[in-house]
Amino acid sequence: MKIESIAVSRKKGTRKTRVDETELIADHGLEGDAHAGPWHRQVSFLSSESIQKAREKGLDVTFGDFAENIATSGIDWQMVPIGTKLRVGETAMVEITQIGKECHNRCAIYYMAGDCIMPREGIFAKVLSGGRIKCGDPITIIEQPDAGEEGRDKK
C-alpha cells in the first residue's frame, strides 16, 4: 500500500492540484487544503484503482479530479473499517472516520468529469499525528477496531 498522488485545493467542491509532497498537520489535515480543519473529514483517500476504473468507463480524469487528497494503490478502502489507524509515510498517523459520503447536489467535479466516485468509493480520516508525506510513501495499517466496534457512516 502506497501513496500514488497527493492533491490540495483552496476551495471545496473543485478538482485538486497535485503536489509531490506536503505536510499532514495533526488535528487539521493537509497543509493548504480547503477541507482541513477541526472536523472528522480532514483528509480524503481514494484508490488509484477506482480512478482507473472511471477512466475505463470513458471519463477523462486523473489524480485530484475527484477532489481526493491522497490517491493510493494496493488497498480496497471499502474493506477498511471506521476506526482503523494507519501510518502514512514515516511519521504521520490517521484514523478512518467515514466511508463514502452523501452528495446533496451535483458539484463542479460531477459536471467537469461526468461522474463523481468519491461519495461511493472515497473514505475520510482525521489526522492523529502529523508529518511530511510524499508520493511513493508507504501506508501501513497500525490498528483495526474489534469486530463488534466498527461502523459505516454513510453521511
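Figures for the structure shown
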{"item": "Ranking by accessible area, most exposed first, for Met93, Met1 with a 1.4 Å probe", "result": "Met1, Met93"}
{"item": "222 nm mean residue ellipticity, helices alone, for the chain (DSSP H n ≥ 4; -39,500 (n - 2.57); rounded to 500)", "result": "-3000 deg cm²/dmol"}
{"item": "Semi-axis lengths (Å, descending) of the ellipsoid that matches the C-alpha gyration tensor of segment 52-98", "result": "25, 13, 10"}
{"item": "Accessible surface, 1.4 Å probe, highest first, among residues Arg18, Arg41", "result": "Arg18, Arg41"}
{"item": "Contour minus Cα-Cα distance for Ala34 and Ile141 (0.36 nm per residue)", "result": "35.9 nm"}
{"item": "Shape box of the chain [Cα atoms, principal axes, largest first, Å]", "result": "38, 34, 28"}
{"item": "Per residue accessible area in Å² of segment 44-83, where ligands, DNA and RNA are left out and the probe is 1.4 Å", "result": "38"}
{"item": "Carbon and sulfur %, accessible surface of the chain computed with the full protein complex present, 1.4 Å", "result": "47"}
{"item": "Tail weight of P(r) past 23 Å, computed on alpha-carbon pairs of segment 22-111, percent", "result": "25"}
{"item": "Solvent-accessible surface ranking, highest first, for Cys116, Cys135 at 1.4 angstrom", "result": "Cys135, Cys116"}
{"item": "Solvent-accessible surface (1.4 angstrom probe) belonging to Asp115, in square angstrom, nearest 10", "result": "40"}
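The values are calculated or read from the model by the stated rules, or taken from the named source; none is laboratory data. In this text the structure is predicted, and so the values were computed from the model without any measurement. Accessible surface is based on the protein model in full, side chains and every heavy atom, while ligands, DNA and RNA are left aside. Shrake-Rupley method; radii C 1.70, N 1.55, O 1.52, S 1.80 Å.
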